[in-house]
Every structure is written in C-alpha cells, then in structure tokens.
Amino acid sequence: MHIPDGILPAQVCVAGYAVTGLATWYSLGRINRRPDPSADIPKASLLTAAFFVASSIYIPLPPASVHLTLNGLLGVVLGYFAFPAIVIGLFFQALVLGHGGLTSLGVNAAMMGLPALLAYHLFQARNSLGRPLGEPARTGLFAFLGGALGVGLAVLIFLSLIVFNIPAEVEAKAERAALLALSLSHLPLIGVEGLFTALLVLFLRRVKPELLEG
Amino acid sequence: MTTLSVDSYVPGRSLLHRWDPRLKLISLLALMFAFATVQHLTLVPAIAALSLGLYVAARLPLGLWRQRLSYPGLLILGLVLVLPFSLGPTVIWQWGGVALRQEGLAATALIAGRFLSILTLGLILLATTPFLSLLQAMRSLGLPAILTDMTLLTYRYLYEIADTLATMQRAMQLRGFGQGPHAWLRLNRQALEQRALLAGNLLIRSYEQSERVYRAMRLRGHGQGHPERGTGGGKMQTWAPHWGLTAALLGAALGLIMAEVALHHGYNGIGL
C-alpha cells in the first residue's frame, strides 16, 4: 500500500512533505522531553528494523495471502518514535524494494504515520476508557482497535488519494461509489491486522511487558 | 530479504557519480517535483528525454532500470488496464462492449510518462551516490540528528534481523509449520497466532539486542559529547562542473514549471 512516484500531482506531494515534516517535528519534540532521549534511540532503531522485516511475514487471507502494514502495532509499541520509524522504514522500502518513491515519501509517511500516532493514543487510553474491563481483555481489545484503526485509516487515506487524484473526468458520484466499494473490500484485511496486533500485544504483555510502555 | 540491498550504488566515474551529493540531492529532487507538476501530455516527451539523457550520462546499466520497475509497475499496470477503457467520451476503437477512449489513453500516457521519468531520476540519485554519502548529505542539509542516528542503526541491523527471521522461519518449517497442501491459504486462529508469536519473538530479540547495543555505545562515549559534531557534510566542493550541472538542472526544473503554467493558462490541451 504505497503510492509510487508520478501518480499524485506535485501540490499533493509537497503537502505530504509538509504534513510529514510537522508530524516529525512534533514527535521529535515529544521524544526530546524524555529524561534521556538518546537512550531510546537504539531500541527504536532495532525495533524499526524488526518491524520492517516482520512486515514481510505472509498472512493467509483466502483466496490470496497478504503482508500486514503493522503501522498500528508500531504506534502501540514505539509511541512517538513510531512516526520517525515509519519515515525511515518507507525510505528503506523505496531504496531496497522500490516500493513508494522519493516524491511520494511525504504522502506515504503521513498516510501510515498519522494513524500510527492515533493508534498509540488509543492504546494509551485503555487504562481510562477501558477501566470497566479487566485484564487481559482490556489490553487485547485496545490493541485490536489500535491495529485495526492504524490500517483502516491508512487504507481510507490511500484510496481517497488515488480515487480523487487520478481520473479528474470521472463523476463525483462514481468516485464516491468506487471509494466505498474499495474500502469495504479491505474490511477483512483490517480485521486480520487488528487480530494480529491483539495476539502479538497479549504475547508481549506476558513475556516482555516493558515493550508496551511506549 | 537476503538478496536485497539497501545500497543501490553502482560504482562509476561519470560526472553524476562525482557530483557533490548535497547539490545532486537538491537538483534531482527539484527536478523530480517539477516532473510531478506536469499535467499536459505535450511536456511528457521533454521530461522523458531529460531523464533518459541523465541516465545515459550516468552510464548506468539498463538491467538496473528494469529491475527497479518490477513492483511499482503493478499499480501503474492497473491504471494502464483500466483508464483507457473507462475515461472520457471520445471512442476511438470499439469491440463489443469494450471501447478504447482517447481521453483515457492520453491520461494513461501522461501518468506512465511521469512515473517512468521520476523513477529514472530517483534511480540515478540512488545508483550514483553511496548510501552513507546520501545520509551525510541529508544530515548536512538539516535532517535532525535523531533521524540520522536511527537511520544508521536501522541500516546496520536490518540484515542481521532479516537473517534472524529467516532462521526462525526455517526452524518452524522443520517442526512441521506450513506443511500440507494449500497450507499457506488456510487462515485460522492457530495460523494467525503462530505468525503473531513469530513476529513477537523477533521484536523481543531485537529489543534485547538493542539493550546490548546501547550499553556498548555508552561505553564508547555515545551521548556524552557533542552529538552534532562529526555528522556534518564537510566542506562544499567548488568544482565548476558541479555548479554548472546544478544550475542546468534547477533551470530545467524552473523551465518545466513555467511551461506547465503557460500551458495551463494559454492552451486548452489534453490534461488530467
């Protein structure tokens, strides 16, 4: 789910870089408020590499198999490091695999990174919003929501950008219908990503809970 | 993962190889964005010729270009298959219910031309600049130190972690995971859980390794000196051809944007 170079108009690419610049600046500002920001850099970097590698794991989704985006999970585990991690991950994907591109890097980073930050805040809200639920149901439910929200929002942004920016002569009604149909076709993927995130977070909660401190 | 490489650098002696990475980054990115502004088919031959000329000047192999085209070509292929048959009222060829439309063909040519030209410029940038020089150029142009450090550490451990995953997957297969006909197409809770545990174990191993890496970095003085020092780009080379090439490409970028604006206001041609 990457937008390649040459698909979007330059204005959208520039706007994507502006949003990514702002979000990176905000994330780095929050990271620098920590007592020792440099202490978290190796952890965030190796986890970025691990997420990059883990996204190559195939998940069966009959009649095909898919790769997960893991941006919601990145938000849940890395917190404010998630946005820089996504920028770096997408930069490597453009370099290694030719996924995405250099002019569309800003748009792709905003598309994946902003939902990741939202997923982080949603997961952090589990202790307030999810108070009536006991553990581990609370952690599992909010991890599911974080994972599903991460990919769901990214899919919606991706499809909106594609549908509203390519065929300018297609009617608005047809565009809306295409957007709805394409979004609905991604529902199984959103469910699988949410479930995968919940299973993984529950495993981390049992084995390495400090990884979920954000 | 093991067959892939972050560094697409192809050694060479061309002017583009020797070009200062900072000037190269600025010039080629400006030209890529100028290409992205093109909305009129009239300008597509010009951007294609410009990117082809630069590729030839960089003396890069054609195989590299074909290899780079494989994945992003899928979305483009989808558009090429859909747009000519669905966009616009002017039918130029019809067979049964299938009609080839002029506006759709024009839109496809514009998107494909823009995509291939920008892809070529991106490849020239990556193939004529070693990855670490590119990163150093970005740092000296203002990329925050945290991002540079994270990129370097991710680059350093990427293939090690990919090898760890490959070893873990091989161990799972040896114990019977994924065996049987169409096993890769069966989705149930157990299959999903096993993959989640695989990814979770990879995260835990990476996290534990990061603690060792951090302790080793501290022992070598990381975080105790001046983090800005030593990460700059050094003194800018002032070799005249570097500036000449930079001026030529920035001029071409500006010219393209002006031509696009002029076409937009004065010519009612085929555009998206």
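Which residue is surrounded by the most Cβ atoms within 10 Å (Cβ to Cβ), if the candidates are limited to region A:1-44 and must be of a type in the set (Val, Ile, Thr) and over 25 Å from A:GLY101 (Cβ atoms)? Here the answer is A:ILE41.
Has region A:52-59 got at least one residue that is within 7 Å of another protein chain (Cβ to nearest Cβ), more than 30 Å from B:ARG189 (Cα to Cα) and either buried (at least 24 other Cβ atoms within 10 Å of the Cβ) or in contact (Cβ under 8 Å) with a residue 24 or more places away in the chain (or both)? For region A:52-59, residues within 7 Å of another protein chain (Cβ to nearest Cβ), more than 30 Å from B:ARG189 (Cα to Cα) and either buried (at least 24 other Cβ atoms within 10 Å of the Cβ) or in contact (Cβ under 8 Å) with a residue 24 or more places away in the chain (or both): absent.
Checking the structure you have, find out if any residue of region A:34-44 is modelled with pLDDT under 85, assigned to a helix (DSSP H, G or I), of a type in the set (Ser, Thr, Tyr) and in contact with a helix residue (DSSP H, G or I) (Cβ under 9 Å, 6 or more places away or on another chain). The answer is yes; a qualifying residue exists. For beta carbons closer than 6 Å, sequence separation of 6+ or different chains, a first residue in region A:31-48 that is at the interface with another protein chain (Cβ under 7 Å from one of its Cβ atoms) and a second that is among the charged types (D, E, K, R), the qualifying pairs are A:ILE41/B:ASP149. What tally of residues in region A:1-14 results from selecting those that are under 19 Å from the mean Cα position of the chain (by Cα) and either part of a helix (DSSP H, G or I) or more than 7 Å from every other protein chain (Cβ to nearest Cβ) (or both)? Matching residues across region A:1-14 total 4. Filtering region B:1-22 to residues that are part of a helix (DSSP H, G or I) and either modelled with pLDDT under 85 or surrounded by fewer than 20 Cβ atoms within 10 Å (Cβ to Cβ) (or both) leaves B:LEU15, B:HIS17, B:ARG18. Right, A:VAL151: under 21 Å from A:PRO4 (Cβ atoms), more than 12 Å from chain B (Cβ to nearest Cβ) and not small (Gly, Ala, Ser) or not? Considered against the rule, which asks whether it is under 21 Å from A:PRO4 (Cβ atoms), more than 12 Å from chain B (Cβ to nearest Cβ) and not small (Gly, Ala, Ser), A:VAL151 comes out as yes.
Taken together, the criteria exclude B:ALA99 from residues that are buried (at least 21 other Cβ atoms within 10 Å of the Cβ), on the phi < 0 side of the Ramachandran plot and in the same structural domain as B:LEU31 (by TED's automatic domain parsing).
Residues of region B:240-262 being away from every other protein chain (no Cβ under 14 Å) and at pLDDT 85 or above, which ones? Matches in region B:240-262: B:TRP243, B:GLY244, B:LEU245, B:THR246, B:ALA247, B:ALA248, B:LEU249, B:LEU250, B:GLY251, B:ALA252, B:GLY255, B:ALA262. In the set (1) outside any helix (DSSP H, G or I); (2) touching a residue at least 12 places away in the same chain (Cβ under 8 Å); (3) buried (at least 16 other Cβ atoms within 10 Å of the Cβ), B:GLY113 fails one condition alone, (1). Restricted to region B:118-156, and to residues there that are among the small types (Gly, Ala, Ser), within 22 Å of A:LEU28 (Cβ to Cβ) and part of a helix (DSSP H, G or I), the residue that is nearest to the other protein chains (Cβ to nearest Cβ) is B:ALA145.
Pairing each residue of region B:157-176 that is assigned by TED's automatic domain parsing to the domain that holds B:ARG195 with any residue that is basic (Lys, Arg), provided the two are 6+ apart or on different chains, yields C-beta distances under 9 Å for B:ILE161/B:ARG205; B:THR164/B:ARG205; B:MET168/B:ARG205.
The values are calculated or read from the model by the stated rules, or taken from the named source; none is laboratory data. For clarity, every value in this text was computed on a predicted model and none was experimentally measured. Using ideal geometry, Cβ is built from the backbone for each residue, glycine included, and neighbour counts are taken over all protein chains shown.
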